[in-house]
Amino acid sequence: MRRVPFGFMGGVCILLGVLGSAPVADGSEGGDAAHASTAQEFALRRLPNNLPLPNPGGFGASYSTAGFVDLTGEYFTPQGTNGRHCGTCHEPSDGWSLRPATIQRLFDLTWGLHPLFNIIDANTPLSDVSTVAARRKSYSMLLQGKFLRLRRPPANAEFQVIAAEDPFGYGTTSNLLFFRRPLPTANFKSLTVMWDGANTVAGDLHAGLSRQARGNVTGAQQGPPASEETIAAIVDFELGISHAQSLVLGAGRLDAGGARGGPEAQASQPLVEGRFDLFDEWRWDWNPYRRQIARGQELFNNGDHNGRRCGGCHTAANNGQNVNGLLFNIQASSPAFKKADMAVYTLRNTATGETLQTTDPGLGFVTGRWADLNRFKTPNLRGLAARAPYLHNGIVDSLPGVVTFYEQALGFDFTPREEEDLAAFLNAL
Ligand code: HEC
Ligand code: HEC
């Protein structure tokens, strides 16, 4: 197998050195080449619960109800023909999403030949992937952490797509192209599955996740349908995983001093409507970094001076999903915020003649309803520091950038100090 010296296990190795023990590294047995995720290429077979793994905001950790995070099960086993498995795009050290830096490193180390780089996720299905230089160009969206989606307008929609402007020259009014970030496969609480809710099964999260896993095996992994035992193993694994930031430099462990950050407390957090109270005990802490995080939490809960509240949509206590599984339009697919390499589509309401422009129609392309256009899942907000860039299309690079985005897109109004406090809180989730 091709061994990759950096990345996921690079971080783990450094940490094991720091911790002075090696409870999990099993150097004697490598995975086979088909298991080529960054995690598995280091022959790591399991992650102990709460093992801190470095990320740009400090350290994150995972916690599994199984007692440890098994890196050898069906989730990390290629189920199809192209060598990809669930962990290829949902990497534990990247908050169970996938960071552009990880993708770029895999590209550099494998000349863009790692199973992640598959023509089905090139900029277009017709892109040239014959040479390293061609691949670097043709995977420019994937190298930013975004995966190709092609969607046809739904039958009987309340709208028509009347114009398409795609910088790659592929998307049309009848076959729309856009790109989305991998959602983290951890902290599942509410029912909505996928950015546009496409795999939601009313009233049944397990069924929704099963539908998603079946579709992924035959889609992104290009395999025959998986057995129901395999699908159940994958879904049970996902449902057992919690992930959160566990340590922030300056503030220290996020479950110290009476705080309840980190993944373990998240595992037992029920899906209930409520405020974030993880850092209540830090309001009067002696440590200024801790007090800042606690101030940020209050801003998230209570809103800006105009009464606009983050917690108004991110309603699930200490998790941030929407308790009712609602999807909202926060302007993330408005052309006003698009990057130069994103396509724009013009849609017309067939009843009223009204038009709108969008880079990704979201829920509206699932239901066909005009009112659902540009609505996206309200994602869980734990483990954010490990999984930049943010929003379905990755248009926001950093957590301070998220705060600025909300000021521009939804009219939130924070002072410079409040902006820093809120970003510090998001970084500690
Ligand atoms: C090629 C990359 C890739 C692979 C492989 C992959 N995923 Fe994903 N996954 C994504 C992307 C991208 C999204 C978001 C797409 C969207 O919503 O349109 C996603 C979304 C999801 C979601 C929705 C999460 C939520 O909060 O709604 C789940 C669940 C999921 N994946 C599980 C899996 C499982 C299980 C596997 C293996 C069977 C898998 N993924 C394999 C890229 C991948
Ligand atoms: C109107 C409902 C609503 C409000 C108000 C709201 N959010 Fe969100 N939030 C969402 C939705 C929906 C998404 C996903 C949108 C998308 O990607 O298109 C999201 C995404 C995010 C993300 C990115 C998560 C990721 O995985 O990429 C962060 C961080 C976030 N919100 C924080 C906040 C903060 C901080 C505030 C207050 C300043 C706030 N939200 C206010 C609904 C809301």
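Inspect segment 405-422 for any residue being of a type in the set (Ser, Thr, Tyr) and within 10 Å of ligand 2 (Cβ to nearest atom) and give the result as yes or no.
Start the filter on segment 405-422 by keeping residues that are of a type in the set (Ser, Thr, Tyr), which leaves 406, 415.
Checking the rest, the ones that are also within 10 Å of ligand 2 (Cβ to nearest atom) come to 406.
Checked segment 405-422: at least one residue is of a type in the set (Ser, Thr, Tyr) and within 10 Å of ligand 2 (Cβ to nearest atom).
Look at segment 366-393 and say how many of its residues are of a type outside the set (Gly, Ala, Ser) and under 30 Å from Gly262 (Cα atoms).
Applying the first criterion (of a type outside the set (Gly, Ala, Ser)) to segment 366-393 yields 366-367, 369-370, 372-382, 384, 387, 389-393.
Those still in the list that are under 30 Å from Gly262 (Cα atoms) too: 375-382, 384, 387, 389-393.
Selection size over segment 366-393: 15.
Could you check Asp304 against (1) within 16 Å of ligand 1 (Cβ to nearest atom); (2) out of contact with any strand residue (DSSP E or B) (no Cβ under 8 Å at 6 or more places or on another chain); (3) closer than 30 Å to Trp284 by Cα and say which number it fails?
Unmet condition: (1).
All but one of (1) in a helix (DSSP H, G or I); (2) within 15 Å of ligand 2 (Cβ to nearest atom); (3) in contact (Cβ under 8 Å) with a residue 24 or more places away in the chain; (4) under 23 Å from Arg253 (Cα atoms) hold for Phe276; state the number of the condition that does not hold.
Going through the list (1) in a helix (DSSP H, G or I); (2) within 15 Å of ligand 2 (Cβ to nearest atom); (3) in contact (Cβ under 8 Å) with a residue 24 or more places away in the chain; (4) under 23 Å from Arg253 (Cα atoms), Phe276 breaks only (1).
Kindly indicate which of Ala186, Ala207 is over 24 Å from Asn329 (Cβ atoms), within 16 Å of ligand 2 (Cβ to nearest atom) and among the aliphatic types (A, V, I, L, M). Give the derivation first.
Numbers: Ala207 fails: within 16 Å of ligand 2 (Cβ to nearest atom).
Only one candidate passes the filter, namely Ala186.
For segment 64-96: of the residues being outside any loop (DSSP other than H, G, I, E, B) and touching a Gly at 6+ places or on another chain (Cβ under 8 Å), which is nearest to ligand 1 (Cβ to nearest atom)?
Going through segment 64-96, the residues outside any loop (DSSP other than H, G, I, E, B) turn out to be 64, 68-70, 74-76, 86-89, 91-94.
Narrowing the set further to residues that are touching a Gly at 6+ places or on another chain (Cβ under 8 Å) leaves 64, 75-76, 93.
Values: Ser64: 15, Tyr75: 6, Phe76: 9, Ser93: 16 Å.
Among residues in segment 64-96 that are outside any loop (DSSP other than H, G, I, E, B) and touching a Gly at 6+ places or on another chain (Cβ under 8 Å), the one nearest to ligand 1 (Cβ to nearest atom) is Tyr75.
Name the residue that is nearest to Pro100 (Cα to Cα), counting only residues in segment 389-425 that are in a helix (DSSP H, G or I) and aromatic (Phe, Trp, Tyr).
Our first condition is that a residue be in a helix (DSSP H, G or I); within segment 389-425, this holds for 399-410, 416-425.
Pick out the ones that are also aromatic (Phe, Trp, Tyr) and you get 405-406, 425.
Details: Phe405: 20, Tyr406: 23, Phe425: 23 Å.
Per the criteria, the residue is Phe405.
State all residues of segment 247-271 that are closer than 24 Å to Gln321 by Cβ and not small (Gly, Ala, Ser); if no residue qualifies, say none.
Here is the first cut: in segment 247-271, the ones closer than 24 Å to Gln321 by Cβ are 247-248, 254-255, 259-271.
The answer is Leu247, Val248, Leu254, Asp255, Arg260, Pro263, Glu264, Gln266, Gln269, Pro270, Leu271.
Is it the case that some residue within segment 119-130 is surrounded by 21 or more Cβ atoms within 10 Å (Cβ to Cβ), modelled with pLDDT of 95 or more, away from ligand 2 (no atom under 16 Å from the Cβ) and not in a helix (DSSP H, G or I)?
Within segment 119-130, one or more residues are surrounded by 21 or more Cβ atoms within 10 Å (Cβ to Cβ), modelled with pLDDT of 95 or more, away from ligand 2 (no atom under 16 Å from the Cβ) and not in a helix (DSSP H, G or I).
Under 8 Å between Cβ atoms, which residue pairs at least 6 apart in sequence (or on different chains) link something in segment 184-203 that is touching a residue at least 12 places away in the same chain (Cβ under 8 Å) and part of a loop (DSSP other than H, G, I, E, B) with a partner that is away from ligand 2 (no atom under 14 Å from the Cβ) and acidic (Asp, Glu)?
Thr185/Glu238; Ala186/Glu238; Phe188/Glu238; Leu191/Asp204
What number goes with the only condition from (1) outside the structural domain of Arg99 (by TED's automatic domain parsing); (2) out of contact with any Pro (no Cβ under 7 Å at 6 or more places or on another chain); (3) away from ligand 2 (no atom under 16 Å from the Cβ) that Val161 does not pass?
The single condition Val161 does not satisfy is (2).
Here are some conditions: (1) closer than 23 Å to Pro361 by Cβ; (2) surrounded by 15 or more Cβ atoms within 10 Å (Cβ to Cβ); (3) within 16 Å of ligand 1 (Cβ to nearest atom). Ala164 meets all but one. Which one does it not meet?
(3)
Yes or no, residue by residue, for (1) away from ligand 2 (no atom under 13 Å from the Cβ); (2) at pLDDT below 95; (3) closer than 30 Å to Thr172 by Cα:
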{"site": "Tyr289", "(1), (2), (3)": "yes, no, no"}
{"site": "Ile330", "(1), (2), (3)": "no, no, yes"}
{"site": "Lys338", "(1), (2), (3)": "no, no, yes"}
{"site": "Thr350", "(1), (2), (3)": "yes, no, yes"}
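Looking at segment 189-200, which of its residues are modelled with pLDDT of 95 or more and either surrounded by fewer than 19 Cβ atoms within 10 Å (Cβ to Cβ) or within 16 Å of ligand 2 (Cβ to nearest atom) (or both)? Step through it out loud before you land on a result.
As a first pass, look at segment 189-200 and keep what is modelled with pLDDT of 95 or more: 192-200.
Within segment 189-200, Thr192, Val193, Met194, Trp195, Asp196, Gly197, Ala198, Thr200 qualify.
Going by what's in this entry, would Thr218 be described as away from ligand 2 (no atom under 16 Å from the Cβ) and within 30 Å of His243 (Cα to Cα)? Reasoning before the result, please.
Values: away from ligand 2 (no atom under 16 Å from the Cβ): yes; within 30 Å of His243 (Cα to Cα): yes.
Yes; evaluated as a whole, the condition is true for this residue.
Considering only segment 218-237, I want to know if a residue exists there that is farther than 30 Å from His85 by Cβ and not in a loop (DSSP other than H, G, I, E, B). Can you show your working first?
First pass over segment 218-237, keeping only residues farther than 30 Å from His85 by Cβ: none.
No, every residue in segment 218-237 fails to be farther than 30 Å from His85 by Cβ and not in a loop (DSSP other than H, G, I, E, B).
Which residues, counting only those in segment 284-300, are crowded, with 18+ Cβ neighbours inside 10 Å and not acidic (Asp, Glu)?
Once the filter is applied, which keeps residues that are crowded, with 18+ Cβ neighbours inside 10 Å and not acidic (Asp, Glu), segment 284-300 yields Arg290, Arg291, Gln292, Ile293, Ala294, Arg295, Gly296, Gln297, Leu299, Phe300.
The values are calculated or read from the model by the stated rules, or taken from the named source; none is laboratory data. For clarity, every value in this text was computed on a predicted model and none was experimentally measured. Cβ sites come from the backbone with ideal geometry, for glycine too, and all protein chains shown count toward neighbours.
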